[in-house]
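Engineer: Sharing a structure, written as structure tokens. Questions coming.
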Amino acid sequence: MSSRPRKIVQASLETPTTGTIELAHDWREASPPDLALSGGVAFASLERVPDHTYGCESGYFVSPHGEIFFFLQLDQHPEIDPATDVVYLAGDFNGWQQAVGQAEWALVPASLDGASVLLWSGKAERFLTNPWLRFKFVTGQHLWLDVPVNAPNVVRDGLGNSNRLINPECTGLHLFRFTLAAPLDLSRAWRVQWTRGEGESAPLRPNGFFFNLKTELPLGVLVRADETTFRLFAPRASRVELHVCAQLTQQGAPHSYPLRQRIETRSERRAANGGTNGAEHAAAPGSWSGVWEVTLNQNLHGWFYWYTLDGPRDEFGGFDPQQRVLDPYALATVAREGPGIVLERSWVGKGDRSFRTPGWQDLIIAEAHVRDLATGMAIPATMEERRGFAGLRKWVESPDFYLHRLGVNCVELQPVTANDALTTDEYHWGYMPTSWFAPAPSYSLAPAEASGVRELQALVAALHKRGMAVLLDVVFNHVGEPAHLRFIDKLYYFELDTAGVLTNWSGCGNDVRARSAMAKRLIIDSCRYLIESYGVDGFRFDLAELLGIDVLREIETALKRVKHDVILIAEPWSFRGHIAGALADTGWASWNDGYRNFVREYVRGGGSVTQMEYYLKGSPWYFAKFPAQTVNYTESHDDRTWIDLVTEHPDGDGHNPTANDRRRTHLMAAMLFASIGIPMIAAGQDFLRTKRGVTNTYLRGDLNVLDYRRIHRFPGTHAYFADWIAFRRSDRGRLLRQWSRPSEGFFQSFSVKGSTALALLYNADRSQGPEHLLFAVNPTLQEVTLPLDAPTAGRSWRQIADHERFFPDGMHGVPQPVEAELFLAPLSCALWISWG
């Protein structure tokens with residue numbers, strides 16, 4: 001050890017008086033390393049942790065006798081049944097997949113420190129090599145078990161796969177546990193350092209207990225008749241100061257007041273810990289909750305305010321006493337930097353709750369952007385109104401409102417809370433939030449007067465009067481600039497690596513640590529407020545994978561207490577992974593990216609009949625335990641539009657679509673609305689909206705704005721979407737709106753070898769009455785004949801639609817019959833109904 005640089009990788013404070021230290025190399029000396037805290041604070045004790053402790057995170061450890069152990073903790077893998085499943089150790093040392101089925105690499109049931117594990121052991125020498133070897137666990141069915149993203153030895157390859165590394169210098173003998181004589185002051189920056197000789201020090205990072213610090217006290221601003229209380233959660237701050245002014249012009253010389261630490265009573269502490277005192281507070285008559293507050297003897301409704309904070313400025317601190325910080329609970333803000341606006345809750349009032357939210361199975365969603373909808377609307381309005389809530393509300397109230405004419409019953413608005421747009425004129429998708437409560441100033445007519453509150457409430461109420469549920473796209477996985485939460489506590493609110501650097505699985509510069517107790521509460525409080533004060537019907541969570549399945553479960557539970565029929569939709573992925581399968585065991589629905597990708601290929605002759613049948617049936621079981629768990633879509637705000645993706649034009653510009661482009665769009669629409677699940681379209685998709693082939697248009701208002709003239713260029717396509725929507729919502733379309741999984745015999749499919757064409761019979765077993773639907777589609781450029789069985793061909797069928805139109809009663813022309821050999825033209829589809 002003496003020949004190597006003495007380095008501390010990381011040091012963590014796990015409870016107020018205990019923690020762990022990880023060295024860069026194994027420590028093989030009998031006595032513990034000579035370490036202490038900065039300021040001359042000695043450890044009360046310092047001892048090596050049991051060797052298998054490292055393996056709980058890394059998947060392996062090496063004993064002092066030179067034996068290596070690889071193990072899998074069964075409580076972390078409920079999908080593994082040790083009585084029936086065989087798990088193998090695979091890696092660079094045994095050919096990876098070649099290990100499956102080889103008894104010498106099979107893990108065996110065992111117990112480590114009382115925990116049930118699957119374990120493999122052998123001589124360590126062959127594994128401790130340079131270059132370092134990779135490994136992973138795999139089942140006998142070739143299912144690779146995921147590596148936790150926070151594993152200390154995780155490594156990703158060029159294909160995005162995560163594996164584990166075996167570090168010969170870190171085998172479990174490099175970890176130590178310490179105790180302290182008294183809790184540390186968290187507002188100070190502490191370091192672990194060597195007491196003798198040279199060596200690199202490391203910051204002491206609060207961990208474990210720190211992220212569970214919480215309060216149930218109301219936060220933000222509480223306005224009463226003749227006083228105003230300001231309250232902020234900042235558990236490591238050494239100083240918090242409030243700045244207020246009555247006019248924006250007074251920001252250079254505001255009134256400033258220091259906040260004091262709020263000591264919670266035992267009953268308040270008990271409430272924060274779910275009815276128990278909490279071990280670290282059990283003996284204290286009162287304790288600090290991390291909350292700072294000040295009460296001013298004046299009603300400050302309409303005033304402007306912000307905070308400044310100081311605290312640790314080490315790698316995990318990020319405090320800056322010069323930075324103006326917007327209250328995360330501010331109900332309105334003037335701009336992205338603030339200031340916040342003090343609002344009395346009674347002034348905000350309640351949102352519209354008279355609307356009856358449709359059942360999930362009845363939803364037909366249109367994803368839309370406030371400014372995209374309003375800018376080009378065909379009604380009189382000022383340019384200021386066309387930028388935001390007020391103009392869109394006028395458009396919604398117009399008898400010609402586009403989405404009303406289309407017939408959808410749910411609008412999913414892209415983010416409407418404050419974002420990091422520099423000016424009110426700047427176009428912004430809204431996915432870089434600076435507040436989770438305040439309406440976007442750029443959508444408000446008078447931001448300094450908090451007009452956005454009333455304007456957004458009026459917009460939601462107007463949509464409800466149109467019979468449309470309102471979903472808000474919310475972004476809780478990352479924040480925009482300035483990242484106000486970072487200056488309140490970077491460590492508490494953000495995911496960091498061991499060096500204190502922000503992780504970036506969102507692709508937007510940071511990842512919120514949603515599992516921290518008060519970050520989770522902030523998310524729940526935001527959603528609760530948006531339901532109660534604006535009357536929204538539900539949410540679509542952006543990059544929900546980053547919040548984690550456990551947090552999403554808690555959010556679901558909390559919000560269903562507020563609104564039992566709240567609609568919850570997740571974007572179940574991030575750059576880190578995908579959790580749609582795990583969400584199937586919750587009450588969340590998920591955007592179905594598999595559906596999206598498949599249909600894009602299917603209409604161009606790709607894919608398979610089996611896949612098409614799976615998606616028409618609602619992606620059952622793995623993705624969706626109940627039908628409405630899958631949100632089926634083929635276009636959203638991200639990437640290119642549908643028509644730009646499928647166009648035959650080589651430059652990917654669908655501005656002037658070909659006849660086949662349009663025909664394929666009709667096939668897509670028919671499949672989308674005939675699929676079990678929740679259908680979602682992007683606003684403008686029904687009139688072949690194009691972004692001229694541009695992929696990322698998040699700042700391109702000129703490309704994103706809806707050109708309503710295209711409705712008149714492509715009236716047949718617009719009408720085709722509208723007719724399908726009307727049919728699906730009608731009583732005749734009830735077989736497409738399934739709440740629970742239908743019987744095994746509900747579907748019957750028909751196909752022919754060598755073609756991807758498919759016909760699907762709904763209610764084949766008559767489990768849902770005498771009515772039947774028959775949907776057939778041929779995405780190829782060749783004619784196809786599908787053989788039907790005698791009972792199906794022998795029924796009395798009435799054609800409802802083909803690939804060009806819906807047929808009204810008393811239709812003109814020749815309907816296509818259903819025969820034993822069902823003819824399908826190239827790029828065609830059809831829908832029939834039978835009552836016998």
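The values are calculated or read from the model by the stated rules, or taken from the named source; none is laboratory data. All values derive from a computational prediction rather than experimental measurement. Every residue, glycine as well, gets a Cβ built from its backbone with ideal geometry; the counts of neighbours run over all protein chains shown. With ligands, DNA and RNA removed, areas are computed over all heavy atoms of the protein, side chains included. Shrake-Rupley method; radii C 1.70, N 1.55, O 1.52, S 1.80 Å.
Engineer: Would you point out the residue of segment 742-775, among those that are part of a loop (DSSP other than H, G, I, E, B) and within 19 Å of Leu824 (Cα to Cα), that is least open to solvent (accessible area, probe 1.4 Å)? So that I can check it myself, show each step before the final result.
Structural biologist: Of segment 742-775, the ones part of a loop (DSSP other than H, G, I, E, B) are 742-746, 751-757, 763-771.
Now restrict to residues that are within 19 Å of Leu824 (Cα to Cα): 751-757.
Details: Ser751: 56, Val752: 51, Lys753: 202, Gly754: 87, Ser755: 25, Thr756: 20, Ala757: 0 Å².
The extreme case among them is Ala757.
Engineer: Can you confirm whether Trp347 is in contact with a strand residue (DSSP E or B) (Cβ under 6 Å, 6 or more places away or on another chain), over 30 Å from Tyr633 (Cα atoms) and outside any loop (DSSP other than H, G, I, E, B)? Before you say what the answer is, go through the steps one by one.
Structural biologist: Numbers: in contact with a strand residue (DSSP E or B) (Cβ under 6 Å, 6 or more places away or on another chain): no; over 30 Å from Tyr633 (Cα atoms): yes; outside any loop (DSSP other than H, G, I, E, B): yes.
The answer is no for Trp347.
Engineer: Right, here's the next one. Can you run down the residue pairs with Cβ atoms below 6 Å, 6 or more apart or on separate chains, where the first is in segment 648-660 and farther than 11 Å from Val694 by Cα and the partner is hydrophobic (A, V, I, L, M, F, W, C) and part of a loop (DSSP other than H, G, I, E, B)?
Structural biologist: Between residues of segment 648-660 that are farther than 11 Å from Val694 by Cα and residues that are hydrophobic (A, V, I, L, M, F, W, C) and part of a loop (DSSP other than H, G, I, E, B), the close pairs are Pro657/Leu688.
Engineer: If you don't mind, there's one more thing I want to ask. Out of all the residues in segment 807-824, which are touching a residue at least 40 places away in the same chain (Cβ under 8 Å) and open to solvent by 30 Å² or more (accessible area, probe 1.4 Å)?
Structural biologist: Matches in segment 807-824: Phe823 only.
Engineer: In addition: Name the one entry in Ser111, Ser63, Ser121 that is hydroxyl-bearing (Ser, Thr, Tyr), open to solvent by less than 70 Å² (accessible area, probe 1.4 Å), at pLDDT below 95 and over 36 Å from the mean Cα position of the chain (by Cα).
Structural biologist: Ser63
Engineer: May I pose another question? So which residues in segment 484-506 are part of a loop (DSSP other than H, G, I, E, B) and at negative phi?
Structural biologist: Across segment 484-506, the qualifying residues are Glu495, Asp497, Thr498, Ala499, Val501, Thr503, Asn504, Trp505, Ser506.
Engineer: Tell me which of these Ile21 doesn't satisfy, since it passes every other one: (1) modelled with pLDDT of 95 or more; (2) more than 30 Å from Ala181 (Cβ to Cβ); (3) open to solvent by less than 40 Å² (accessible area, probe 1.4 Å); (4) β-branched (Val, Ile, Thr).
Structural biologist: (2)
Engineer: Same structure, new question: Test of understanding: among Glu449, Glu397, which residue is out of contact with any Pro (no Cβ under 6 Å at 6 or more places or on another chain), open to solvent by 10 Å² or more (accessible area, probe 1.4 Å) and farther than 19 Å from Ser533 by Cβ?
Structural biologist: The unique qualifying residue is Glu397.
Engineer: Among the residues of segment 352-379, which ones are open to solvent by less than 10 Å² (accessible area, probe 1.4 Å), small (Gly, Ala, Ser) and not in a helix (DSSP H, G or I)?
Structural biologist: Scanning segment 352-379 gives Ala366, Ala368.
Engineer: Counting only residues that are crowded, with 23+ Cβ neighbours inside 10 Å and either in a loop (DSSP other than H, G, I, E, B) or among the hydroxyl-bearing types (Ser, Thr, Tyr) (or both), how many does segment 637-655 have?
Structural biologist: 3
Engineer: Moving on to the next point. Picking from Ala790, Ala825, which residue would you name as being in contact with a strand residue (DSSP E or B) (Cβ under 8 Å, 6 or more places away or on another chain) and among the aliphatic types (A, V, I, L, M)?
Structural biologist: Result of the check over Ala790, Ala825: Ala825.
Engineer: What are the pairs, 6+ residues apart or on separate chains, where a residue within segment 772-797 that is among the basic types (Lys, Arg) has its Cβ under 7 Å from a residue that is open to solvent by 10 Å² or more (accessible area, probe 1.4 Å)?
Structural biologist: Once the first residue is among the basic types (Lys, Arg) and sits in segment 772-797, its partners that are open to solvent by 10 Å² or more (accessible area, probe 1.4 Å) give Arg795/Gly836.
Engineer: Moving on. Which of the residues spanning segment 727-741 are assigned to a loop (DSSP other than H, G, I, E, B) and in contact (Cβ under 8 Å) with a residue 24 or more places away in the chain?
Structural biologist: Of everything in segment 727-741, those that are assigned to a loop (DSSP other than H, G, I, E, B) and in contact (Cβ under 8 Å) with a residue 24 or more places away in the chain turn out to be Arg737, Gln738, Trp739, Ser740, Arg741.
Results for (1) among the charged types (D, E, K, R); (2) within 34 Å of the chain's Cα centre (by Cα), shown as yes or no for each residue.
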| site | (1), (2) |
| --- | --- |
| Arg709 | yes, no |
| Ala719 | no, yes |
| Ile725 | no, yes |
| Gln738 | no, yes |
| Arg741 | yes, yes |
| Glu744 | yes, yes |
| Gln748 | no, no |
| Lys753 | yes, no |
| Leu760 | no, yes |
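Engineer: Can I ask one more? Can you name every residue in segment 199-239 that is open to solvent by 50 Å² or more (accessible area, probe 1.4 Å) and part of a strand (DSSP E or B)?
Structural biologist: Selection gives Glu200, Arg239.
Engineer: Assess whether Glu169 counts as being modelled with pLDDT under 95, touching a His at 6+ places or on another chain (Cβ under 9 Å), surrounded by fewer than 20 Cβ atoms within 10 Å (Cβ to Cβ) and in a loop (DSSP other than H, G, I, E, B). Spell out the reasoning first.
Structural biologist: On the way: modelled with pLDDT under 95: yes; touching a His at 6+ places or on another chain (Cβ under 9 Å): yes; surrounded by fewer than 20 Cβ atoms within 10 Å (Cβ to Cβ): yes; in a loop (DSSP other than H, G, I, E, B): yes.
When the stated conditions are applied, Glu169 passes them.
Engineer: Another one. So is His564 touching a Pro at 6+ places or on another chain (Cβ under 8 Å) and surrounded by fewer than 24 Cβ atoms within 10 Å (Cβ to Cβ) or not?
Structural biologist: Working: touching a Pro at 6+ places or on another chain (Cβ under 8 Å): no; surrounded by fewer than 24 Cβ atoms within 10 Å (Cβ to Cβ): yes.
Taking the combined requirement at face value, the residue does not satisfy it.
Engineer: Okay, moving on. Can you pull out the residues in segment 657-686 that are among the small types (Gly, Ala, Ser) and either assigned to a loop (DSSP other than H, G, I, E, B) or farther than 13 Å from Ala722 by Cα (or both)?
Structural biologist: Pass one, segment 657-686, residues among the small types (Gly, Ala, Ser): 659, 669-670, 674-675, 677, 682-684.
Residues satisfying the conditions are Ala659, Ala674, Ser675, Gly677, Ala682, Ala683, Gly684.
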